[in-house]
Amino acid sequence: MQSDEPLCYGPQVMTWAAELAAWSDQQDNLTCTYLTPAHRATAEQIRQWMQEAGFDTVRRDAVGNVIGRYKAQASVAQPELVVTGSHYDTVRNGGRYDGRLGILLPMAVVAQLSRRGERLPYDFEVVAFAEEEGARYGTAFLASSAYIGRYDPAWLDLVDAKGVTLRQAMAEAGLDPAAVGSAAADTKRIKHYFEVHIEQGPVLLDAGLALGVVTSIAGSMRRKLLLKGRAGHAGTTPMHMRRDAACAAAEIALYVEERCSQADTLVGTVGMLEVPTGSVNVIPGACRMSLDIRAADDATRDAAVADVERKIDEICARRNIAIEDTQPAWSVAAAPCSPEHRAMWRAVLAELGQPQFELPSGAGHDAKILEDVAPVSMLFTRCGNGGISHNPLEIITTEDAQLAGRAVLAFLRKLG
Ligand code: HGY
Ligand code: MN
Ligand code: MN
């Protein structure tokens, strides 16, 4: 592959991603959840690298986002703002590229622009969002919601698995819970937001393509439930007299699987299923479970959610099981990507000798939140290992990251 750019994007991103992966909440895997010591060390490292890369200003905002700004050409009196970014938190036992690629790659591109002394006709901001997965406090896209001025103060009272409130975690991290409103960006200035992200699926891999342009970002609904039956002796309680919370959860999980197999782009997952303080010889009196239901369009998703909720009520009524939402149900609408910028990305792919391939995103991304305040676009990179993600086997190649870096530079110039 001939390139007029030095090989400065791919190798740099792979090196940085490997170094960030060293910071984890767990000894034997990559888990980097909101505001833990590993998360704070990751933020500090990104801040340092941004400074070394040549950003004019680098700051940590009130919720822990790390934001680097590369200023416009001095001749532009009132420059607009183009923003890119992604998240640096991870799921538990996650991969090192989910989110982080979308931070590190634009950082490498700014380093190249800075080396060349090249300025863009707009201010360019790279945002390392502090919390997208919702792994510690359950509410996803917290950091990009704060960035667009939609922080919900009720989130401060969310509690993690160890009973630490989000408010306490912020104080421990040196952040002021009362200042969360100050994280809001001047969204009126944002001309465009784009996000580079690994595909997290097998489509590009199966098509033999390195890059793809995203058409739309799936909307999702999440619930966390506590089903309450009655604990009892496993040996002496006849089957017809039981209120087994785990069996109710199992019946619900199988219905979610069946119902969400009935439409394209519709998916449903029970990712968390747990009998708290369970014992081998005790009928489960309680069972915690999570629901995650998504589709490329809201109508498909909402129809499935309505059916699942009806079924939950029917199963629990029949089994005499009480239902409790352990946190407010949460949903985010599907987001279309900007046709104008999709065309720009397709033109960039053509210039790079790549097929102009487009695909929907089944995963949620911060771009979905930014779509409320600005036109958004996304560029996907191929995932290896069968497209696996949210798994330590998540992998990309240096060559694909290099190509993506060249695409970002070309896109930035086109935006000008
Ligand atoms: O769950 C998602 O789709 C994303 O990885 N947060
Ligand atoms: Mn993810
Ligand atoms: Mn992600």
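The values are calculated or read from the model by the stated rules, or taken from the named source; none is laboratory data. Small disclaimer: the values here were computed from a predicted structure and weren't measured. Quick reminder, even Gly has a Cβ in these numbers, built from the backbone with ideal geometry, and neighbours come from all protein chains shown. Ligands, DNA and RNA are excluded from the accessible area calculation, which covers all protein heavy atoms including side chains. Shrake-Rupley method; radii C 1.70, N 1.55, O 1.52, S 1.80 Å.
For region 99-119, residues that are more than 14 Å from ligand 3 (Cβ to nearest atom) and β-branched (V, I, T) total 2. Among the residues here, A171 does not qualify as open to solvent by 10 Å² or more (accessible area, probe 1.4 Å), modelled with pLDDT under 95 and more than 16 Å from ligand 2 (Cβ to nearest atom). Counting only strands (runs of 3 or more DSSP E) that sit completely within region 62-151, those holding 3 or more residues that are within 16 Å of ligand 2 (Cβ to nearest atom) correspond to 81-87. Can you find a residue that is aliphatic (A, V, I, L, M) and modelled with pLDDT under 95 anywhere in region 77-97? Within region 77-97, one or more residues are aliphatic (A, V, I, L, M) and modelled with pLDDT under 95.
Being closer than 21 Å to Q327 by Cβ, in contact with a strand residue (DSSP E or B) (Cβ under 7 Å, 6 or more places away or on another chain) and assigned to a loop (DSSP other than H, G, I, E, B) is the filter here, so list the residues in region 247-284 that pass it. Result: V270, G271, M272, V275, P276. Set side by side, the residues T265, T215 differ, and just one is of a type outside the set (D, E) and on the phi > 0 side of the Ramachandran plot, which is T265.
Answer yes or no: is there a residue in region 41-49 that is within 17 Å of the chain's Cα centre (by Cα), open to solvent by less than 10 Å² (accessible area, probe 1.4 Å) and at pLDDT 95 or above. Yes, that holds for at least one residue. Screening L225, L273, L254 for residues that are open to solvent by 30 Å² or more (accessible area, probe 1.4 Å), in contact (Cβ under 8 Å) with a residue 12 or more places away in the chain and among the aliphatic types (A, V, I, L, M) leaves exactly one candidate, L273.
Okay, residues lined up against (1) within 16 Å of ligand 3 (Cβ to nearest atom); (2) polar (S, T, N, Q); (3) under 30 Å from V159 (Cα atoms):
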{"site": "S24", "(1), (2), (3)": "no, yes, yes"}
{"site": "E44", "(1), (2), (3)": "no, no, yes"}
{"site": "D61", "(1), (2), (3)": "no, no, yes"}
{"site": "G64", "(1), (2), (3)": "no, no, yes"}
{"site": "A74", "(1), (2), (3)": "no, no, no"}
{"site": "A77", "(1), (2), (3)": "no, no, no"}
{"site": "Y97", "(1), (2), (3)": "yes, no, yes"}
{"site": "P121", "(1), (2), (3)": "no, no, no"}
{"site": "E131", "(1), (2), (3)": "yes, no, yes"}
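Taking into account only those residues within region 276-297 that are in contact with a Leu (Cβ under 8 Å, 6 or more places away or on another chain) and closer than 30 Å to A218 by Cβ, which is nearest to ligand 1 (Cβ to nearest atom)? Per the criteria, the residue is R294. Only one entry in R115, R150, R96 is among the basic types (K, R) and farther than 25 Å from M14 by Cα, namely R150. Of everything listed in (1) open to solvent by 10 Å² or more (accessible area, probe 1.4 Å); (2) farther than 14 Å from D366 by Cβ; (3) at pLDDT 95 or above, the single unmet condition for A210 is (1).
Scan region 318-335 for residues that are more than 16 Å from A246 (Cβ to Cβ), open to solvent by 70 Å² or more (accessible area, probe 1.4 Å) and charged (D, E, K, R) and the total you get is 0.
Inside region 316-415, counting only strands (runs of 3 or more DSSP E) that do not spill past its ends, which hold 2 or more residues that are touching a helix residue (DSSP H, G or I) at 6+ places or on another chain (Cβ under 6 Å), within 16 Å of ligand 1 (Cβ to nearest atom) and farther than 30 Å from G285 by Cβ?
In region 316-415, 376-381 are the strands (runs of 3 or more DSSP E) which contain 2 or more residues that are touching a helix residue (DSSP H, G or I) at 6+ places or on another chain (Cβ under 6 Å), within 16 Å of ligand 1 (Cβ to nearest atom) and farther than 30 Å from G285 by Cβ.
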